[in-house]
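Here is the structure we will look at, set down as structure tokens.
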Number of protein chains: 2
Amino acid sequence: MSKWLERQPDLLARKLEHFARLSPEDIEALDRIWRRKSVTAPPQDDIVRQGDPPGGVRLMQAGWACRYRMLADGRRQILSFFLPGDLCDLNNFVLRRMDHSVMALTPVRYTMLGAEDFDSLTTRRPRLMHALWWDNLVAMAIQREWTVNLGQRSAVERLAHLLCELYVRLHVIGLANGGAFDLPITQVELADTVGLSPVHVSRTLKDLRERNLVQLHRGKLEIFDFQALSSVALFRPDYLHLAAEGAHLAANA
Amino acid sequence: MSKWLERQPDLLARKLEHFARLSPEDIEALDRIWRRKSVTAPPQDDIVRQGDPPGGVRLMQAGWACRYRMLADGRRQILSFFLPGDLCDLNNFVLRRMDHSVMALTPVRYTMLGAEDFDSLTTRRPRLMHALWWDNLVAMAIQREWTVNLGQRSAVERLAHLLCELYVRLHVIGLANGGAFDLPITQVELADTVGLSPVHVSRTLKDLRERNLVQLHRGKLEIFDFQALSSVALFRPDYLHLAAEGAHLAANA
DNA sequence: CGAATCGTTGACGTAAGTCAATTGCGGTGG
DNA sequence: CCACCGCAATTGACTTACGTCAACGATTCG
């Protein structure tokens, strides 16, 4: 089995504990959800397609996916990355058609949640639901920060910022070791994320490499100096709304 | 009194009816909220400041405001516009500090909503609450579309797209007459919205003017050919999730 | 009427895009 | 095992869209 499909048992609880203190019962409830029947998708597969009716909330359990939107002439913008423990659109039930697609970047495993799940969580595990809302608000804040990234930052700053953000997010779910993590996406995908051409992404990565900040080699990203990288990126982790521990984590690394 | 501070009575109901069929009781409930004690702010005033605790949800009643975020070196990105009938962050209660600021662009009037309001709406006026969630999801979709805008579109496309979007949004609340509406922001603010320099905004507006698409003169925007403008912008109104009527509206103009 | 603010224009600089050739690499099959 | 393929990444030469700087109009407001 691909390493990408393995579910880490307490990954979600670990993340949510940054947002609210969870009781043993909360963790137990999370665990039951985590063990449910899951679905897998191969890389490049569209999990959700623009124009489809929503069909429920997806809880990502393993692998990377991304949300993207295409223009009529074929240009593509990647709008967000879904990492293990992420929810795709907490409120999905409300709208009638998806205005974007979601694609697997690696082999992906996820499980579906229905409106009933959230109803029952709201009444029976309010703390947990509170943490899910928090997580949702952080997702919105990330979206805003990407807007800042594309609107204001230069190529180097943009890429550096993205890498800082991914590092912190992956660290929170225990998928970053030291300064390194798996970055299973091509430079074309990176380009569609940061709004640059693929060749300029290549050049910019080279630049970052030559400054001894990071190295991306065969899908593995190594950060040599997180402090320096975040200062190049003008990275301020406040928008990730981590509790004290997490902020501290982001500061060191 | 400034024209910007006048509350249009059924503006909010008009918008929400695009999202859900409202009962007379729903409309009555909306109306009671709309008539509450309101607060005003002068142009340029920060209504919410980055770092502050949230302090409740604001329902915009009149005037324009914007959400923005600053980088350490002074660059500013405008993240969204708040128009009459918009809610600032439905879930605000959850987080502890604001990661962005909100500033009045014109004289602004708004009213505060507390968690109790939403609790009571959820139990007593579920249809209405549903419409508010819908509105919130549309706000998120707009944020994503801005990401697309900044990441993929050229200067002309970007500005054209912004104008199309504003036209549709203003039309929905009855603030667009024919092809024209008030656009009470400077070119510097436009620039910080679309991630261009102010002088390039000026040139790009000139370009659009010379193509006989739009004219912006003394805070009044006139759209001469919405079809042509949206095709220049690659504007697809799907992300605004209007009901059939609204989609049709966007198509014609 | 004058000061401040906002918009416009021109000349010039630069970051990023485009095109195209080349290299590296992992998988496949003979 | 090596030859071949296909994809991803790199590099160089050249183009272009947009930024910067600075001067100059226009409009608003006291």
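A compact table of results
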item: Additional length obtainable on full extension of the chain from A:S202 to A:Q44, 0.36 nm per residue less Cα span; result: 54.7 nm
item: Cross-link partners of B:K206 among lysines (Cα-Cα below 30 Å; sequence separation of 8 or more within a chain); result: B:K3, B:K220
item: Calculated Rg and Dmax of chain B using C-alpha coordinates, Å; result: 17.9, 54
item: FRET efficiency, 1/(1 + (r/R0)^6) with R0 56 Å, evaluated for B:E28 and A:E222 via beta carbons; result: 0.35
item: The range B:71-116: C-alpha pair distances exceeding 15 Å, %; result: 57
item: Set of the range B:158-177 residues, backbone N closer than 19 Å to the point 7 Å along the Cα-Cβ line of B:R209; result: B:158-164
item: Estimated vicinal HN-Hα couplings, Hz - the range A:213-219 in sequence order (Karplus 6.51, -1.76, 1.60; Gly, Pro = x); result: 9, 9, 9, 10, 9, 6, x
item: Quarter of Cα convex hull surface for the range A:96-232, i.e. mean projection, nm²; result: 10.2
item: Exposure proxy order (Cβ contacts within 10 Å, fewest to most) of A:D86, A:D73, B:D238; result: A:D73, B:D238, A:D86
item: Alpha-carbon radius of gyration plus Dmax, which is the widest Cα pair, for the protein assembly as shown in Å; result: 22.4, 69
item: On Cα atoms only, tilt of B:24-34 relative to the major axis of chain B in degrees; result: 80
item: Highest-fluctuation residue, A:L95, A:L137, A:L221 considered, GNM on chain A with Cα pairs under 10 Å; result: A:L95
item: Label-zone membership for the range B:32-60, site B:T186, 7 angstrom Cα→C-beta point, backbone N under 16 Å; result: B:43-46
item: Ranked B:T40, A:T147, criterion: other C-beta atoms within 10 Å, fewest first; result: B:T40, A:T147
item: Principal semi-axes in Å for the range A:1-132 [√(5λ), Cα gyration tensor, largest first]; result: 26, 18, 12
item: Using alpha-carbon coordinates, inclination of helix A:155-172 to the longest axis of chain A, degrees; result: 40
item: Cα-based Rg of the range B:154-253 normalised by 2.2 N^0.38 Å, two decimals; result: 1.01
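FYI, it's all coordinate maths here, none of it is from the lab. It should be emphasised that the depicted structure is a prediction, and the values quoted were computed from it without experimental measurement. All Cβ positions, even for glycine, are placed from backbone atoms using ideal geometry, and neighbour counts span all protein chains on display.
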